[in-house]
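Shown next, in structure tokens, is the structure this report addresses.
Bear in mind these aren't lab numbers, they're just calculated from the coordinates by the rules spelled out. Quick caveat: nothing in here was measured; it's all calculated off a predicted structure. Ideal geometry is used to build each Cβ from the backbone, glycine not excepted, and the neighbour counts take in all protein chains shown.
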Amino acid sequence: MTEKLIIFDTTLRDGEQSPGAAMTVDKKIRIARQLEKLGVDIIEAGFAAASPGDFEAVRSVAESVKGSTVCSLARAMENDVRRAGEAIRPASSGRIHTFIATSPIHMQHKLRMTPDQVIERAVSAVKWAQQYTDDVEFSAEDAVRSDMDFLVRVFDAVIKAGAKTLNVPDTVGYSIPALWGERIKQLIERVPNSDKVIWSTHCHNDLGLAVANSLAAVMNGVRQVECTINGLGERAGNASLEEIVMSVRTRRDVFNLETRIDTRQIVPTSKLVSSITGYPVQPNKAIVGANAFAHESGIHQDGVIKHRETYEIMRAEDVGWNANKLSLGKLSGRNALRQRFAALNIEFASEELFNAAFDRFKELADRKHEIFDEDLQALVSDEAMAQVSEYYHLVAMGAHSETGVLPVARVVMSMDGVEHQADAQGGGPVDATFKAIEKIVRSGTKLQLYSVNNITSGTDAQGEVTVRLSKDGRIVNGQGADTDIVVASAKAYLNALNKLHGKQERAHPQV
Ligand code: KIV
Ligand code: ZN
């Protein structure tokens, strides 16, 4: 009989710990609904105790998602566990994931606790969590650098306390596959009653081995993998969901495991996460990169035409490439647009907001022949539509560039409802535009990243610009989309400034 591999997605929690990837509640709900459609077993929706906003995000996801278990992270602290328990209350199936570090370096320098105190606290956290749900997961943070005998003691104690899933994280991405597989094997052999729980792994990608380590763990008995869409996550990221799922599916001869994932939803999910977080997908990324199924050399093309399997081990359509071919155009009406939005899990709080989206759609259709799902996602991601009362708002702009002449830009924007205008010169039209904005705003931010990606193909495609700004240790990503990339750049810059303006303080779970 084929066993099941549980897919635990942490895009909304560990993924959100990527610099600048913080998401608003409605964006988290959109991703969560797409994860549900993808068939993810458990959605880690956030760290409820981090801030009132994070609590609300977990609670709202728990309310809107019914086809997946909704989970909140909680440090092994009574208040964290209580907040997690309250946030998952509306879920039809809710989990609390509590954790404490078990490595000497973390216990001594971060927690300042003795090993016995750590065990005692881990046991208490599992017991507190059980007051809210039977589905309690425990993680031994930095298990990779923890002493094996101590790990056995910790896991034994939390099983006795009632934990149902035991997660073994490579928090710092330090392991290599053969060693990780061996560590998992030994734990399962040595921990009493290990067959009464589900073993899980959570690997970071600091050495580029997160997927390989996760799969080594699976081959040694792990039946839950924690992963993220596009491999998003703290530092170099987490194991990528799409790579894990497609490895297990493509090499069924090796793993003999099944997941509940509808693989045709992989690419749409990847695109949604990328457009919401502002993290573009590298073209050569496995499964979801633009080149993942493109054959460049003549020999390969010839082989694929003669017999697809000569160079392809998976079918592009099986992971959802081409899933969004249905296009809308200038003549599409309100109903067609409403249906497409519904299929994309995009809801509007009021008819007024839908009307605004419809106007923007018509405006875009005047400039662009065909409108694809990605265009619609970008259209609603645009904060100008989503947040009616934004602090900084682009009213109008123009930019001019000509060979041999310094580019210039003029920006008209409102700041807290008051209109301002500025002109500036720059190295290029984008630089001039940012300088004009800064003449008005004087934000004191630092530009850390600027990137442009075409949302669909063709020269009439919308360019999606990501701008990463930092100020006083806070980092935000702003996005903007437009068929004119200078306008998209201005929108992205203002979007980032709006996020910096309104953002609330939140705690980091591992600090
Ligand atoms: O990397 C890590 O150890 C974590 C834990 C909270 C599971 O993210
Ligand atoms: Zn992690």
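For the stretch 310-316, just list the computed ³J(HN,Hα) in residue order, Karplus coefficients 6.51, -1.76 and 1.60, θ = phi - 60°, integers in Hz, with x standing in for Gly and Pro.
4, 10, 10, 9, 9, 9, 3
Can you give the FRET efficiency to the nearest 0.05 for Met1 and Ile176, using r as the Cβ-Cβ distance and R₀ = 35 Å?
About 0.65, to the nearest 0.05.
Could you list, in their original order, any pairs among Lys471/Lys491; Lys362/Lys439; Lys285/Lys471 whose Cα atoms are separated by more than 22 Å?
Lys362/Lys439; Lys285/Lys471
Whole Å is fine, so just give me how far the alpha carbon centre of the stretch 66-128 lies from that of the stretch 427-456.
41 Å
Could you work out the relative contact order of the stretch 97-140? I mean the mean sequence separation of Cα pairs under 8 Å and 6+ apart, divided by the number of residues, in percent.
55 percent
For the chain, just say rounded, prolate or oblate: build the C-alpha gyration tensor, square-root its eigenvalues into a ≥ b ≥ c, call rounded for a/c under 1.5, and beyond that prolate if a/b exceeds b/c, oblate if not.
Because a/c hits 1.5 or more and a/b exceeds b/c, the chain counts as prolate.
So what is the relative contact order for the chain, in percent, with contacts set as C-alpha pairs under 8 Å and at least six apart?
That works out to 12 percent.
Exceeding 18 Å between C-alpha atoms, which entries from my cross-link table qualify? They are Lys110/Lys164; Lys27/Lys499; Lys28/Lys66.
Lys110/Lys164
Have a look at the stretch 302-380 and give its Rg and Dmax from the Cα atoms, expressed in angstrom.
Taking only Cα atoms of the stretch 302-380, I get Rg and Dmax of 17.0, 53 Å.
Along the three principal axes, how long is the stretch 460-508 when you take its alpha carbons, biggest first, rounded to the nearest angstrom?
Here the spans come out as 42, 16, 14 Å, largest first.
With each pseudo-label sitting 7 Å past Cα toward Cβ, what's the Val412-Glu56 distance in nm, one decimal?
Placing both labels 7 Å beyond Cα along the Cβ direction yields 3.4 nm.
How do the peptides 475-482, 238-245 rank, highest first, by the average count of neighbouring beta carbon atoms within 10 Å per residue?
Descending mean neighbour count gives 238-245, 475-482.
Which whole-number percent is the relative contact order of the stretch 388-441 (Cα, under 8 Å, 6+ apart)?
Relative contact order, the stretch 388-441: 31 percent.
Working from the alpha-carbon coordinates of the stretch 366-511, get Rg over Rh, Rh being the Kirkwood radius.
Using only Cα positions, Rg/Rh for the stretch 366-511 is 0.98.
Only helical DSSP H runs with n ≥ 4 go in: add -39500 (n - 2.57) per run for the chain, normalise by residue count and round the 222 nm mean residue ellipticity to 500 deg cm²/dmol.
So the helix-based figure for the chain works out to -12000 deg cm²/dmol.
Set the Förster distance to 35 Å, then compute FRET efficiency between Arg251 and Asp302 from the Cβ-Cβ distance, nearest 0.05.
0.85
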